[in-house]
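Down below is the structure, laid out as structure tokens.
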Amino acid sequence: MPTLTRRAFAAGTALLLLSGAALAQAPVVIKFSHVVAPDTPKGRGADKFKELAEKYTNGKVKVEVYPNSQLFKDKEEVEALQLGAVQMLAPSLAKFGPLGAKEFEVFDLPYILPDKAALRRVTDGALGKRLFDKLQSKGITGLAYWDNGFKVMSANKPLRMPADFRGLKMRIQSSKVLEAQFRALGAIPQVMAFSEVYQGMQTGVVDGSENTPSNMFTQKHHEVQKYITLSDHGYIGYAVITNKKFWDGLPSEIRTELDKAMTEATAYANQVADKDNADALDEMKKSGRTTFIELTPDEKAAWKAALEPVTADMAKRVGKDVIEEFQKEAKGGTQ
Ligand code: LMR
């Protein structure tokens, strides 16, 4: 080989080696998209996962968190995950129906959960696993269940008795169970992306909605709703999910560290959820912008009676076996 060619060849090889090394060092990027504010249980969980994932992998993984529907809204984010445009999400359990995983809507059944301990028995138990298994065929891997909390109900009129709901347009997440819930109350349910709810309330496209105090406060719903009823009639929580192909393709030592980060971020998110909701409720009360309604035992009983048929009506959609398993695990029964 003539000297010049040899030199050019050597330089080329060095360049190739260099770019190979640079490539080997380029971090794996995880885009974690979500629709709520950073100072919510889910927002804090996502930020904690970022902190721990980057620490445990010594920077081999970089997590980019995109809150507040910055990247995608409710429906689009799931499609984006399946297409690989983002790698991680934590949609509300009420948003898995359109994906064909209708069984997740069991969590939306009114009054199905007496408390968080019951919830934990379900998510940590056989049903929690079975629901995640359902996602595999959709190209999705379930990583963890994260809490938000129990829901309250807002509107521009006081909601004390089921009859008060008659004719009201109520915003819902994309769950048929939630649709049935509001129909049972005589209201008109309307699916709307989370990021659009504030404006929907302000302009009268919807009259009210249900959500956790933390979600209502951080989206300022209390500024455009005159009344909030402390009903605790249902629950909002999340499934942290990832693109299966992406996850399976990670080097196993990286996946192990990410699993560890996820376990710790889950404990953290679940630990802060109650306080976040209690604080949000306090802040909304302090603001004086909305009137809070506590239900009397009789009013509570009337809500329960009106919503009772929803569980049986939805058995065909959610699965009778799923509902029964849920109820058994919630009570602490063994399989
Ligand atoms: C909603 O859409 O109401 C909430 O589920 C949003 C969220 O992710 O908490």
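When segment 170-204 is examined, which residues are found to be of a type outside the set (A, V, I, L, M, F, W, C) and over 21 Å from R289 (Cβ atoms)? Working first, answer last.
Let us first name the residues in segment 170-204 that are of a type outside the set (A, V, I, L, M, F, W, C), namely 171, 173-176, 179, 181, 183, 186, 189-190, 195-196, 198-200, 202-204.
Matches in segment 170-204: Q173, S174, S175, K176, E179, Q181, R183, G186, P189, Q190.
Among the residues in segment 285-295, are any among the small types (G, A, S) and under 18 Å from M216 (Cα atoms)?
For segment 285-295, residues among the small types (G, A, S) and under 18 Å from M216 (Cα atoms): present.
Considering segment 81-99 alone, what residues qualify as being more than 11 Å from the ligand (Cβ to nearest atom), assigned to a helix (DSSP H, G or I) and closer than 13 Å to V240 by Cβ? Break it down into steps so the answer makes sense when it comes.
Taking segment 81-99 as the starting set, the residues that turn out to be more than 11 Å from the ligand (Cβ to nearest atom) are 81-88, 96-99.
The next check asks that each one be assigned to a helix (DSSP H, G or I); those that pass are 81-83, 97-99.
L81, the sole residue that qualifies.
Looking at (1) more than 19 Å from S231 (Cα to Cα); (2) crowded, with 22+ Cβ neighbours inside 10 Å; (3) not basic (K, R), which is the only condition G204 fails?
All conditions are met except number (2).
Quick check on this structure: which one of A193, A267 is surrounded by fewer than 22 Cβ atoms within 10 Å (Cβ to Cβ), of a type in the set (A, V, I, L, M) and within 15 Å of the ligand (Cβ to nearest atom)?
None of the others qualify; the one that does is A193.
With respect to E105, determine if the residue is away from the ligand (no atom under 12 Å from the Cβ), buried (at least 24 other Cβ atoms within 10 Å of the Cβ) and assigned to a helix (DSSP H, G or I). Steps first, please.
On the way: away from the ligand (no atom under 12 Å from the Cβ): yes; buried (at least 24 other Cβ atoms within 10 Å of the Cβ): yes; assigned to a helix (DSSP H, G or I): yes.
Here the answer is yes, as E105 does meet what is asked.
Which one of L185, L135, L168, L159 is under 25 Å from K42 (Cβ atoms), away from the ligand (no atom under 11 Å from the Cβ) and among the hydrophobic types (A, V, I, L, M, F, W, C)?
Going through L185, L135, L168, L159 in turn, just one is under 25 Å from K42 (Cβ atoms), away from the ligand (no atom under 11 Å from the Cβ) and among the hydrophobic types (A, V, I, L, M, F, W, C): L135.
Of the residues in segment 226-245, how many are more than 16 Å from the ligand (Cβ to nearest atom) and within 20 Å of K95 (Cβ to Cβ)?
Counting residues in segment 226-245 that are more than 16 Å from the ligand (Cβ to nearest atom) and within 20 Å of K95 (Cβ to Cβ) gives 3.
Restricting segment 75-98 to residues that are surrounded by fewer than 23 Cβ atoms within 10 Å (Cβ to Cβ), out of contact with any strand residue (DSSP E or B) (no Cβ under 8 Å at 6 or more places or on another chain) and touching a residue at least 40 places away in the same chain (Cβ under 8 Å), which is nearest to M314 (Cα to Cα)?
G97
Within segment 72-94, can you find the residues that are closer than 18 Å to T123 by Cβ and touching a helix residue (DSSP H, G or I) at 6+ places or on another chain (Cβ under 7 Å)?
L89, A90, P91, L93, A94
What single numbered condition from (1) surrounded by 12 or more Cβ atoms within 10 Å (Cβ to Cβ); (2) more than 15 Å from G128 (Cα to Cα) fails to hold for K316?
(1)
In segment 142-156, which residues are buried (at least 18 other Cβ atoms within 10 Å of the Cβ) and away from the ligand (no atom under 15 Å from the Cβ)?
Passing the criteria: G142, L143, A155.
Readers should treat all values here as calculations from the given coordinates under stated rules, not as data from a laboratory. Since this is a predicted model, take the numbers as computed values, not measurements. Glycine also receives a Cβ, built like all others from the backbone with ideal geometry; neighbour counts cover every protein chain displayed.
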